[in-house]
1. So which residues in the range 95-129 are farther than 18 Å from residue 147 by Cα, more than 16 Å from the chain's Cα centre (by Cα) and among the aliphatic types (A, V, I, L, M)?
2. I'd like the full set of residues that are open to solvent by 40 Å² or more (accessible area, probe 1.4 Å), polar (S, T, N, Q) and in a loop (DSSP other than H, G, I, E, B), limited to the range 93-130.
3. Just name the residue that is least open to solvent (accessible area, probe 1.4 Å) out of those in the range 72-92 that are of a type in the set (Gly, Ala, Ser) and in contact (Cβ under 8 Å) with a residue 60 or more places away in the chain.
4. Being free of Cβ contacts under 8 Å to residues at least 40 places away in the same chain and open to solvent by less than 40 Å² (accessible area, probe 1.4 Å) is the filter here, so list the residues in the range 131-142 that pass it.
5. Could you run through the range 143-162 and say how many residues are open to solvent by less than 10 Å² (accessible area, probe 1.4 Å), in a strand (DSSP E or B) and either in contact with a Pro (Cβ under 9 Å, 6 or more places away or on another chain) or not small (Gly, Ala, Ser) (or both)?
6. So which residues in the range 35-71 are open to solvent by 30 Å² or more (accessible area, probe 1.4 Å), of a type outside the set (Gly, Ala, Ser) and part of a loop (DSSP other than H, G, I, E, B), if there are any at all?
7. Could you grab the pairs with beta carbons closer than 8 Å, sequence gap of 6+ or different chains, first residue in the range 94-115 and under 16 Å from residue 63 (Cβ atoms), second one of a type in the set (Phe, Trp, Tyr) and surrounded by fewer than 18 Cβ atoms within 10 Å (Cβ to Cβ)?
Amino acid sequence: MAALAACLVLPGSAQAAVLSFNSVLSGEQEVPPVTTDASGTATLTVDDRAETLSFSLNVIGISVDDLFDTLVEAPVGPVHLHNAPAGSNGPIIVPFAFDPETYTDTSDGFSLNVTDYAYADAAALAGSDLGFSDFLGLLQDSGSYINVHTDAFGSGELRGQVSPVPLPASAILLIAGLGVLGAMRRRYG
């Protein structure tokens, strides 16, 4: 029994935890709300060992040319992750600098795709002193949001709170099973 538990636990302990988050963006979530036909969805994954993040944003109704020119030219770019709960605005914690390789027009809007972005680099660019573990805490508590700034709405046309993606039931069962195996090992081992 202990050998089975070791086989199940050891491979997972050598790997980093990759945490997933998502967001649905709308003008209604802006503070104050804005009227727009645009919408978006985003996925954020964070590697807690490498302290990196990957980000994918798909927007309908806004083109790359519609993005806020002042921020397109600025080092922080027109799309950011901000530190604040729903209903309030907060400072930038992860900026996504404009790059034609990562911001691309689609047939009905634009997409933004960034991989293996070092959190330390993002925080430095934003001027944030928020440590990585605090950043993870914000994400897990839905304490951050994505904001898309456009020429029409310089303070933001689309906003979406970032929420953790729940573990699938199979992962929860595996974790519970490992806990039972560990308890049995302590009791009978």
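The values are calculated or read from the model by the stated rules, or taken from the named source; none is laboratory data. Just so it is clear, the structure is predicted and the values come from calculations on it, not from any experiment. Neighbour counts run over all protein chains shown; Cβ positions are idealised from the backbone, glycine included. Calculation scope for accessible area: heavy atoms of the full protein, side chains included, ligands and nucleic acids excluded. Shrake-Rupley method; radii C 1.70, N 1.55, O 1.52, S 1.80 Å.
1. Answer for the range 95-129, where residues must be farther than 18 Å from residue 147 by Cα, more than 16 Å from the chain's Cα centre (by Cα) and among the aliphatic types (A, V, I, L, M): just 124.
2. Within the range 93-130, 106, 107 qualify.
3. In this case the residue turns out to be 84.
4. 131, 137, listed by residue number.
5. Adding up the residues that qualify gives 8.
6. Within the range 35-71, 35, 36, 37, 48, 49, 51, 68 qualify.
7. Cβ pairs passing all conditions: none.
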